[in-house]
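All remarks here apply to the structure that follows.
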Amino acid sequence: MKALDVLGLKKSFGGVTAVEDLTFSVEEFETVGIIGPNGAGKTTLFNLITGLYRPDSGKVLFFGQNLHGVPSFRLAHLGISRTFQNLRLFNSLTVLQNITAPMLGMHGYGIAPAIFRTHRYRATERAADKKGRMLLDFFSLSGKEEQLASSLPYGDQRRLELARALSIEPRLLLIDEPGAGMNPREIQDLLRTLRQVKEHFRLTIVVIEHQMGLIMNLSDRVMAMDFGEKIAEGTPSDVKKDRKVIEAYLGEELVC
Amino acid sequence: MNFFGSARRFLISSAIAYVILKALFLSGFLTGYVQQIILSSFIVILTSLGLNVIYGYTGQFSLGHAGFYGIGAYAAAFLGVHFKIDSVIAFIPVLFAGGAAAALIGFIVGVPILRLRDDFLAIATLGFGILVRVLLDNSDKFIEVLGGSRGFIGIPKLVNIDLVIGTTVFLLLITRNLIFSRYGLFWQCIKDDELASMVFGINSARMKLMAFTYGCFLAGIGGALYAYLYSFLHPSNFDFLKSIDFLIIVIVGGMGSITGTICVGFLWIAIIEGLRIALPPQVLELRWVLIPLMLIAVMMWKPYGFFARRESRLLGLGKES
């Protein structure tokens, strides 16, 4: 079953084409890596899938359902989640609240139970609290539940961003440059974490990354983009050797 | 019941405050004028709390809060006079009707303008505030009894200490419960990062509208109490400068702190009225030099307000108590 089916997707900003007639698909439980130089349209693609941008043409199908015109917040309820390249945590909330807020958005209670603190309010809050703590534990963030998200060191913030993305129990997870700003050691830790995520949560993953080592280790399949177009697709080792991919990264003359 | 069970400490501290004030009022130690000032501070606190929900928690910068305060006041006054209300019990539905009127207008206005962000929203709400003021100035042209720029006279004086404190405690408790529920959490998510909150399943348009409508409801209740405390309304009491008063209380108290709004609400009234007594009449207007200087000092010393985002455990305003 195809989890994600992108058909002829196009998006331009003024005269600049960010995504040009892009078609690709992702099978359920598959991990697909997307590589490409800066400005290749990778993040734009994520923004199109998560409804933050409207495509000029083409469509995105999620388990066969056309996502055209579906507002962002509803996509989360359908099972699409993501992380952001430049962290976008809820900085004035605690670490735990960063996780429980999306959870309570999925399974909540009405206004009356909130005002009168009914049994339903208590039970739902307690369940989110418990699940949130378990999730934080999985990402080695336990003990930091009550700290402000903004007070965490960078590496912890990155892990919290991942934990938050998983808090809504998505079927499709889009990870945008998880290794941005990390040193090789931290990249190794990140790879381990991402592998654990892949094993523990049965989901479909699309990951954008510049770190070749990470992409090659994690992905079942890799797609390379340049100037908004798909220039190669296949197993990690095939894509790595692809002439067009090397050209895109190193320039034409160097290849000859 | 959980509603009261989770608020034991808050209800106890409220009861103590009530007993002390009631004793002071009955002792004859306070003049009617001072009593009126004390009651008016509760009204200011309720209204500012509404703005704190809108701006402090949800981050929607509103400069038109006094407009909703005025709508509540005029709506309640009109209903009371129209139906010849003359008892405190009969006033209670009128009080909530005043809140409902402000909430309804807040909802209708909120649908289009809450799409705007930051400065743009500030300008739109500022425009709304001015619009209300102009409408009230000319209100006698369509409904004679509202009095227009001459003011609305003949409102029965039905507000007493029991009603003011009862209403304040009840609405404070509801507000606290909302803020510490998932709704309050969503409001704060939207304030931090609206885009991320949408991606994580929060219907931000709806949540902003809810916060705005509820904040306007509190302003409307405040306005309705005001009308029946002073028994006279004038459009100049609901103009742009009044909105700034509420804004100052929210910011100085702490955006996102109920405790801050309460403490600074009292402090604000105490300073304004205290200076009226302390300063000799010929230099009374020096108040408006001293107060801004104090504000500058406070903002340099405590840029996030006195309570930042903290709540007092003593008053029982935290999540549980």
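Descriptive notes on the structure:
- B:Ala219 meets each of the listed conditions (1) surrounded by fewer than 24 Cβ atoms within 10 Å (Cβ to Cβ); (2) under 23 Å from A:Ile115 (Cβ atoms); (3) of a type outside the set (Val, Ile, Thr) apart from (1).
- Only one of the numbered conditions (1) under 30 Å from A:Gly41 (Cβ atoms); (2) of a type outside the set (Gly, Ala, Ser); (3) in contact (Cβ under 8 Å) with a residue 24 or more places away in the chain is violated by A:Gln188, and that is (3).
- Tally of residues being more than 20 Å from B:Val109 (Cα to Cα) and more than 8 Å from chain A (Cβ to nearest Cβ) across the range B:190-207: 1
- Of residues in the range A:21-44 being among the small types (Gly, Ala, Ser) and out of contact with any Phe, Trp or Tyr (no Cβ under 9 Å at 6 or more places or on another chain), the one surrounded by the fewest Cβ atoms within 10 Å (Cβ to Cβ): A:Ser25
- In this structure, A:Pro55 does not satisfy being under 26 Å from A:Leu250 (Cα atoms), assigned by TED's automatic domain parsing to the domain that holds A:Val222 and not polar (S, T, N, Q).
- Given (1) away from chain A (no Cβ under 14 Å); (2) within 12 Å of B:Val53 (Cα to Cα); (3) in contact with a helix residue (DSSP H, G or I) (Cβ under 6 Å, 6 or more places away or on another chain), index of the condition B:Trp187 fails: (1)
- Within the range A:71-81, being surrounded by 24 or more Cβ atoms within 10 Å (Cβ to Cβ) and facing another protein chain (nearest Cβ under 7 Å) holds for one residue alone: A:Ala76.
- Any hit, the range B:263-270, residues being modelled with pLDDT of 95 or more and either surrounded by 24 or more Cβ atoms within 10 Å (Cβ to Cβ) or within 14 Å of another protein chain (Cβ to nearest Cβ) (or both): yes
- Of all residues in the range A:160-181, those satisfying the criterion of being out of contact with any Asp or Glu (no Cβ under 7 Å at 6 or more places or on another chain), part of a loop (DSSP other than H, G, I, E, B) and either more than 23 Å from A:Thr94 (Cβ to Cβ) or among the basic types (Lys, Arg) (or both) are A:Arg171, A:Ala180, A:Gly181.
- Entirely in the range B:6-104, the helices (runs of 4 or more DSSP H) that have 3 or more residues that are more than 18 Å from B:Lys242 (Cβ to Cβ), without any contact (Cβ under 8 Å) to a residue 24 or more places away in the chain and away from chain A (no Cβ under 14 Å): B:8-27, B:32-51
- Residues in the range A:89-130 that are outside any helix (DSSP H, G or I) and either within 8 Å of chain B (Cβ to nearest Cβ) or touching a His at 6+ places or on another chain (Cβ under 9 Å) (or both): A:Leu89, A:Phe90, A:Asn91, A:Ser92, A:Leu93, A:Gly108, A:Tyr109, A:Arg117, A:Thr118.
- Top-ranked residue of the range A:131-142 - restricted to ones that are of a type in the set (Gly, Ala, Ser) and touching a Ser or Thr at 6+ places or on another chain (Cβ under 9 Å), ranked as nearest to the other protein chains (Cβ to nearest Cβ): A:Gly132
- Here A:His68 fulfils each of the conditions (1) more than 18 Å from A:Val206 (Cα to Cα); (2) more than 10 Å from chain B (Cβ to nearest Cβ); (3) touching a helix residue (DSSP H, G or I) at 6+ places or on another chain (Cβ under 8 Å) apart from (3).
- Any hit, the range A:75-88, residues being of a type in the set (D, E, K, R), in contact with a His (Cβ under 7 Å, 6 or more places away or on another chain) and either in contact (Cβ under 8 Å) with a residue 24 or more places away in the chain or farther than 20 Å from A:Ile175 by Cα (or both): no
- Going through (1) without any contact (Cβ under 8 Å) to a residue 24 or more places away in the chain; (2) not assigned by TED's automatic domain parsing to the domain that holds A:Val222 one by one, A:Leu96 falls short only on (1).
- Candidate set: the range A:52-63, residues that are charged (D, E, K, R) and assigned to a loop (DSSP other than H, G, I, E, B); chosen: the one farthest from the other protein chains (Cβ to nearest Cβ): A:Asp56
- Flag for A:Asp156 being acidic (Asp, Glu) and in the same structural domain as A:Val95 (by TED's automatic domain parsing): yes
- Hey, B:Val109 in a helix (DSSP H, G or I), modelled with pLDDT under 95 and within 26 Å of B:Asn138 (Cβ to Cβ) or not: no
- Qualifying residue in the range A:115-126 (condition: of a type in the set (A, V, I, L, M, F, W, C), surrounded by fewer than 15 Cβ atoms within 10 Å (Cβ to Cβ) and over 20 Å from the mean Cα position of the chain (by Cα)): yes
- Helices (runs of 4 or more DSSP H) (entirely within the range B:116-216) containing at least 2 residues that are farther than 30 Å from A:Leu87 by Cα: B:118-137, B:161-179
- Top-ranked residue of the range A:207-250 - restricted to ones that are farther than 22 Å from A:Asp189 by Cα and of a type in the set (Asp, Glu), ranked as surrounded by the most Cβ atoms within 10 Å (Cβ to Cβ): A:Asp226
- Residue in the range A:64-78 that is in a helix (DSSP H, G or I), more than 24 Å from A:Tyr249 (Cβ to Cβ) and basic (Lys, Arg) present: yes
- Matching residues in the range B:84-103 - criterion: being modelled with pLDDT under 95 and over 15 Å from B:Tyr226 (Cα atoms): B:Lys84, B:Ile85, B:Asp86, B:Ser87, B:Ile89, B:Ala90
The values are calculated or read from the model by the stated rules, or taken from the named source; none is laboratory data. Just so you know, these numbers come straight off a predicted model, no measurement behind them. Heads up, the Cβs are rebuilt from the backbone with ideal geometry, glycines too, and the neighbour counts pull from every protein chain shown.
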